[in-house]
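The values are calculated or read from the model by the stated rules, or taken from the named source; none is laboratory data. Worth saying up front: this structure is predicted, and the values here are computed from it rather than measured. Cβ sites come from the backbone with ideal geometry, for glycine too, and all protein chains shown count toward neighbours. Just so you know, the surface numbers come from the protein's heavy atoms only, side chains and all, with ligands and any DNA or RNA stripped out. Shrake-Rupley method; radii C 1.70, N 1.55, O 1.52, S 1.80 Å.
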Amino acid sequence: MYCQVCGARNEDDAEYCQRCRQKLMVLSGSAVPGEETLDAGDEEFSLDEHLLERISILEEVLKRTGETVQKVLSAMERQEESILVHHAGMLALRDLLERQHVIDTAEWSDLWESKMDYQFLVLEKRERFAAVRDGVLGLYEGNRRPAFTQLLEEAEHALNGLDLARAMKALEAAAGLDRRNHELARFLGESHFQEGRLEPALEHFDRLLKTKPDHMQGLVYTGVIQLQQGDEQRGQELLEKAVIQHPGAFLPHFCLGASLAGRGQLKSAAAFLERAVEIDVVPQALYLLGRCYYEMGKLPGAIESLSRAVQVDPAFEECHHLLGLCYLDRGWNRKALAAFRTAQQLNPRRMRYRDLVAYLSGRSGADLPRTSPAAADLVSLGEQAIRSGDAPEALRCYREALALDPDNPALLMSYALACLRLDRSQEIRPLTERVLASKPGEMLRATAYATLIEALRSEGRYRDANEAGRRLLDEAGSSFSKSIAYYEMAYNLAEMDEDLDQALDFARRSLEHAPEELRQFPLAALGWVHYKRQELDEAIEFLSQSTELGPSTAALTRLGMALLASGDEDGARGALAQARRLDERGGAIEEKMMEFMKDSARIIERVRR
């Protein structure tokens with residue numbers, strides 16, 4: 001007999017199909033010898049009975065599907081419980097090893113996080129390779145197909161085993177056997193580009209362009225790499241060719257427009273960016289287009305582009321900030337103030353108070369205790385890595401430096417400050433506690449407390465930050481430390497919008513105890529508390545005094561908001577423009593263009609689309 005669902009042949013007495021496991025209810029088969037067959041006219045065909053049989057089949061299928069789903073849910077629940085048990089065991093093991101001083105929690109967390117990121121990266125590459133594997137194999141035209149196939153299989157097995165290094169090695173070997181395989185060259189080029197290895201990426205994209213001179217990904221990626229390496233003419237030529245050859249693609253228009261904007265050719269840049277956003281509404285492209293319009297003085301176009309960008313991505317803080325500047329130039333004060341407040345709420349990083357930490361950490365000329373030459377060299381390398389954006393390398397350098405002199409409070413403090421700059425606030429508390437436990441001098445102790453308070457504040461833990469401020473106040477042996485403690489607590493209360501009377505008292509006490517070189521900080525705190533209390537004249541007065549002593553992005557932005565709220569448009573525009581010039585993150589269009597173009601994940605996503 002044959003299954004009515006899949007057509008498989010089954011035994012005559014079978015109840016369920018051996019292939020699909022469906023119930024055998026409507027059967028057909030060859031006639032049994034000696035059995036009389038029915039004439040079509042012997043029994044009248046009944047459509048109702050046929051439909052009932054079909055309905056019965058569907059009911060049975062539905063029932064079995066429900067049972068299967070229930071089993072899957074039960075298995076998932078058991079798996080979830082098992083994962084929780086294992087996770088609890090790992091945490092218990094970590095705590096035990098930490099108490100016995102075998103491991104460091106921060107190092108454990110970093111290693112765990114890096115392993116997770118690595119595995120996610122391998123899984124992503126495995127999916128991408130699975131999508132292109134057949135195409136890569138189909139393009140091979142050499143006489144060593146078995147060796148080529150074996151290398152692809154080795155790469156596939158390595159990716160299944162989460163061994164990315166072995167997979168890339170096998171694929172590089174395969175590329176050596178077939179230098180004209182453009183699909184393999186593209187895959188390897190994209191992989192290297194995504195991981196920041198520009199030289200090998202450029203080598204594979206050059207190979208891709210030799211085989212396919214008009215290949216869009218090859219042209220765009222090669223152009224982007226040439227721009228990053230400083231060859232602007234060659235990079236722009238490649239991007240222009242990509243635009244001509246692929247007029248309906250987003251990526252060439254976006255990259256060429258961004259390149260022209262970075263070189264100050266705003267009118268041409270706007271034309272390509274306009275075409276890019278017609279093809280695909282990407283918030284970053286809209287932001288760059290709005291930025292071009294703003295620099296060209298075309299406020300209606302800038303407002304339209306930036307408004308569309310924040311509609312697509314409401315959390316795009318820089319768009320809100322630039323939109324506020326556009327509104328201000330149009331004289332729409334309420335909208336401008338609302339945009340600045342939204343930007344501040346979305347990204348407090350722009351409004352953080354790290355000026356004090358920078359002052360205390362040595363930029364004012366107060367040196368921290370000396371370290372060994374080897375450790376100092378590693379710290380210098382770590383600083384260079386931070387400036388180049390290589391956070392893992394920076395952390396590695398600082399940890400190696402600390403391994404050379406683990407109890408040196410200066411090294412501990414340097415590491416904590418690096419973590420603050422890299423937004424790794426969870427690591428700062430144990431580091432600063434170790435500094436404080438070493439009974440350091442006043443400057444180092446104040447630096448440690450200010451760094452700890454900043455880290456807690458960046459996590460929104462204002463009450464914990466004020467507890468640290470009270471500790472500093474209790475340990476303060478001079479007016480210098482008392483001024484810092486009162487300053488920090490005043491700002492925290494102002495940020496919480498709680499007990500603004502107490503915040504005002506703290507700010508005044510901070511100013512009373514502040515030495516001359518420190519007065520800009522309590523003055524800024526006083527101005528911000530008055531702003532929170534809607535006392536705009538006092539806010540403007542104190543914030544103006546603070547910026548005269550030492551201009552900072554945070555104080556100037558707050559001064560601009562206070563002036564705007566009081567109706568002084570020209571004063572607000574001047575303060576906010578000065579704040580923008582000081583703000584590294586709101587720098588030139590070229591810097592922003594390179595930031596977006598280096599976002600390889602976005603480029604890959606747009607290329608595929």
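Percent relative contact order of region 224-290, based on C-alpha pairs within less than 8 angstrom and at least six residues apart? Don't skip to the answer; put the middle values down first.
Working: 68 pairs, mean separation 16.0, N = 67.
The normalised contact order for region 224-290 reaches 24 percent.
Pop a pseudo-label 7 angstrom from the Cα along the beta-carbon direction at both residue 153 and residue 199 and give the gap in nm to one decimal.
So the label points at residue 153 and residue 199 sit 3.5 nm apart.
Pop out the carbon and sulfur fraction of the accessible area of region 432-499 as a percent, whole number, probe 1.4 Å.
Carbon plus sulfur share of accessible area: 42 percent.
Hey, if we sort 519, 334 by accessible area with the 1.4 Å probe, largest down, what's the order?
334, 519
Considering every Cα-Cα pair within region 49-108, what fraction, in whole percent, is farther apart than 12 Å? Provide the component values of the computation, followed by the final result.
On the way: 1359 of 1770 pairs.
Value for region 49-108: 77 percent of Cα pairs lie more than 12 Å apart.
Would you work out what percent of the accessible area of region 58-174, with all protein chains in place, is carbon or sulfur (probe 1.4 Å)?
Working: 4760 of 8220 Å².
Percent of accessible area from carbon and sulfur atoms in region 58-174: 58.
Defining a contact as two alpha carbons under 8 Å apart and six or more residues distant in sequence, what relative contact order in percent does region 177-246 show?
25 percent
Determine the dipole magnitude for region 106-229: charges of +1 sit on the beta-carbon of Lys and Arg, -1 on that of Asp and Glu, nothing else is charged, the reference point is the Cα centre, and the result goes in debye to the nearest 20.
540 debye
At 1.4 Å probe size, with every protein chain present, just tell me what the per residue accessible area of region 154-279 comes to in Å².
Numbers: 5120 Å² over 126 residues.
Each residue of region 154-279 exposes 41 Å² on average to a 1.4 Å probe.
Spelling out what I want: for every residue of region 322-335, take phi, set θ = phi - 60°, compute 6.51 cos²θ - 1.76 cosθ + 1.60 (Karplus), and round to whole Hz; glycine and proline get x.
5, 5, x, 5, 5, 4, 5, 5, 7, x, 8, 5, 5, 5
With r defined as the distance between the Cβ atoms of residue 399 and residue 100 and R0 fixed at 25 Å, what FRET efficiency is calculated, to the nearest 0.05?
On the way: r = 20 Å, r/R0 = 0.80.
Efficiency, from the Cβ-Cβ distance: 0.80.
Whole angstrom only: what separates the Cα centroid of region 395-464 from the Cα centroid of region 274-294?
A separation of 41 Å, based on Cα centres.
Which pairs in the list 210/241; 241/267; 125/210; 169/210; 267/298 are over 21 Å apart, alpha-carbon to alpha-carbon?
Listed pairs above 21 Å: 125/210; 169/210.
Where the only charges are on Cβ atoms (+1 Lys, Arg; -1 Asp, Glu), what is the dipole of region 434-580 about its Cα centre, to the nearest 20 debye?
Its charge dipole is roughly 620 debye.
Taking K and R as +1 and D and E as -1, what net charge do the other residues with C-beta under 13 Å from the C-beta of residue 215 add up to?
Result for the neighbourhood of residue 215: +2.
Pull up all non-local amide H partners of residue 2: gap of 5 or more, or a different chain, and H-to-H distance under 5 Å with H placed in the peptide plane.
Placed amide hydrogens put 10, 28 under 5 Å from residue 2.
Note down the magnitude of the dipole of region 465-531 about its Cα centre, charges +1 on Lys and Arg C-beta and -1 on Asp and Glu C-beta and zero elsewhere, to the nearest 20 debye.
Using only the charged Cβ atoms, the result is roughly 220 debye.
Compute the label zone of residue 244 within region 200-218: residues whose backbone N is under 13 Å from the point 7 Å along Cα-to-Cβ.
The answer is 214.
Could you tell me what fraction of 2.2 N^0.38 Å the Cα radius of gyration of region 385-538 comes to, as a two-decimal ratio?
Working: Rg = 16.6 Å, N = 154, 2.2 N^0.38 = 14.9 Å.
It is 1.11.
Quick one: which residues, 5 or more positions from residue 16 or on another chain, have an amide H under 5 Å from its amide H? H modelled 1.01 Å from N in the peptide plane, none for Pro or chain starts.
It is 24, by chain and number.
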